[in-house]
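Just so you know, all these numbers are worked out from the coordinates, no wet-lab data involved. Since this is a predicted model, take the numbers as computed values, not measurements. Here Cβ is always computed from backbone atoms with ideal geometry, including for glycine, and neighbour counts include all displayed protein chains.
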Amino acid sequence: MHQPAITHLAAADPAVADLVEGEARRQYEKIRLIASENYVSTAVLEATGTVLTNKYSEGYAGKRYYEGQQFVDQVETLAIERAKAVFGVEHANVQPYSGSPANLAVYTALVNPGDKVMGMALPAGGHLTHGWGVSATGKWFDAVQYGVRKDTGRVDLDEVRELALAERPKLIFCGGTAIPRTIDFPAFAEIAAEVDAVLVADIAHIAGLVAGGAHPSPVGHAQIISTTTHKTLRGPRGAMLMSDAKHAKALDKAVFPGLQGGPHNHTTAAIAVALGEAARPAFRDYAAAVVANAKALADALIERGFDLVSGGTDNHLILVDLSNKAVAGKPAAQALDRAGIELNYNSVPFDSRKPFDPSGIRLGTAAITTRGLGVEHMPRLAAWIDQAVAASDQAELDRIAAEIRELLAAHPMPGWV
Ligand SMILES: *Cc1c(COP(=O)(O)O)cnc(C)c1O
């Protein structure tokens with residue numbers, strides 16, 4: 001049953017309540033390996049479901065355009081102060097609605113339409129909002145894109161430097177959405193300084209690892225840090241922009257009134273709760289366990305003949321190139337879903353297949369670590385993945401799904417009792 005109980009919803013609108021219950025059960029019964037997903041705590045869930053959703057509060061604490069901010073101002077200030085403490089930054093804005101609008105606010109703050117910007121190409125592991133062509137950021141700005149080396153699957157910083165020197169972008173994004181390796185913030189900072197660009201570290205995927213000390217911090221290297229709050233950071237769906245004092249005003253103005261209206265105060269409260277959790281010693285253990293699980297799963301997959309982009313992982317994320325197996329990414333992801341293992345098909349660098357039917361699958365260990373799975377479970381998980389990808393009939397997939405339900409029954413899920 002969903003936790004906290006949704007009794008009012010069930011009485012008022014059973015159709016929606018049934019769907020929420022169905023989704024909660026699905027999350028309970030599956031090994032969730034989508035690298036951008038997690039399970040938030042029951043406290044975070046409760047914060048998102050409060051009367052704070054009723055309140056309008058355009059502006060910033062102490063400077064609002066609406067009255068009645070006695071409590072909302074304090075909620076937002078608490079979230080900001082916690083963000084500053086957890087990440088060690090001079091400035092934080094907790095109002096961006098999500099990661100994509102947060103990144104658009106960075107452009108709005110620092111460049112004009114048509115200006116040159118640089119980011120990692122989507123097929124190499126970058127995010128749409130780093131200037132990829134189908135994104136507004138690729139249409140409105142003159143975006144140049146760097147990739148990874150074919151032989152290593154990693155960013156070639158000499159190549160990034162050459163491109164930056166030739167193109168002289170005003171803004172350089174580092175970070176991405178399918179990068180299994182440590183991001184070298186000092187090296188990117190050196191390149192940005194050389195061409196007089198502002199460096200933006202988009203740590204949406206790894207924010208929880210940074211907060212928990214399991215990935216180097218971009219603070220002191222990138223002038224601006226953009227992050228979602230709902231991936232490894234284990235908060236509600238939302239985002240934050242952080243910066244040095246110099247860029248604070250421009251970022252705040254870009255978020256409001258530049259791009260957004262009223263902030264989502266219930267989300268702000270839940271971000272504050274998640275940051276409170278991230279400040280505790282247990283979160284350091286969590287971040288370390290996420291990385292340990294990813295390494296153990298990567299090793300077990302390699303042992304079974306899977307080809308991992310870059311040969312392994314340093315963080316929570318694994319990108320598998322299935323080209324050496326008899327199956328493409330999409331049918332593999334579909335078979336795995338039926339087998340109780342949820343992940344996404346993904347392009348791999350230099351993919352010969354189309355983005356909607358690519359060669360790879362992407363896995364992450366943030367959610368299963370929250371669920372309490374440890375390194376001892378990873379060889380069995382790799383075996384299930386191997387069996388499901390090679391399975392010739394649905395009965396085998398259903399057998400795996402039943403085994404997974406049995407394993408997960410011993411691992412409580414926040415949001416379900
Ligand atoms: C997820 C992600 C985003 C976008 O976040 P949304 O909340 O989905 O808009 C931006 N940048 C990176 C690197 C991401 O991984």
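A few comments on the model shown:
- Distance from the stretch 228-274 to the stretch 110-149 (C-alpha centre basis), Å: 22 Å
- Karplus-derived 3J(HN,Hα) values for the stretch 98-108, using 6.51 cos²θ - 1.76 cosθ + 1.60 with θ = phi - 60°, are 6, x, 5, x, 4, 5, 4, 5, 5, 4, 4 Hz; glycine and proline are entered as x.
- Taking the average, over residues, of other Cβ atoms within 10 Å as the packing measure, peptides 327-334, 279-286 rank 327-334, 279-286 from highest down.
- Here's how it looks for G235: its modeled amide H is under 5 Å from those of H230, which are all 5 or more places away or on a different chain.
- Total charge dipole magnitude, the chain, about the Cα centre, Cβ charges on Lys, Arg, Asp, Glu only, Debye to nearest 20: 340 debye
- Dipole magnitude of the stretch 203-345 about its Cα centre (Cβ charges: Lys, Arg +1; Asp, Glu -1), debye to nearest 20: 340 debye
- Largest mean-square fluctuation among D393, D314, D13, in a Gaussian network model of the chain whose springs join Cα atoms under 10 Å apart, belongs to D13.
- The 3J(HN,Hα) values that the Karplus relation (6.51, -1.76, 1.60; θ = phi - 60°) gives for the stretch 134-139 are, in residue order, 6, 8, 3, 5, x, 7 Hz. Gly and Pro appear as x.
- In Hz, Karplus ³J(HN,Hα) per residue of the stretch 194-211 (6.51, -1.76, 1.60; θ = phi - 60°; x = Gly, Pro): 5, 9, 6, 9, 8, 9, 10, 9, 9, 9, 3, 6, 9, 3, x, 5, 5, 4
- Positive-pole candidate from F350, W384, L373, dipole of the stretch 342-398, charges at beta carbon: F350
- Whether the stretch 110-149 is rounded, prolate or oblate, judged on the alpha carbon gyration tensor where a/c under 1.5 counts as rounded: prolate
- Reducing the stretch 176-212 and the stretch 17-68 to their Cα centroids gives an inter-centroid distance of 27 Å.
- Radius of gyration, Dmax [the chain; alpha carbons; angstrom]: 21.4, 63
- Overall, the stretch 151-281 carries a charge dipole of about 720 debye about its Cα centre when +1 sits on the Cβ of Lys and Arg and -1 on the Cβ of Asp and Glu, all other atoms neutral.
- Sequence-distant residues sharing a close amide H with G415 (under 5 Å, placed H): Q3, T42
- Calculated diffusion of the stretch 284-408, Stokes-Einstein form, Kirkwood radius summed over Cα pairs, 20 °C and 1.002 mPa s, µm²/s: 148 µm²/s
- From the Kirkwood radius over Cα pairs of the stretch 47-278, Stokes-Einstein at 37 °C and 0.692 mPa s returns a whole-number translational diffusion coefficient of 185 µm²/s.
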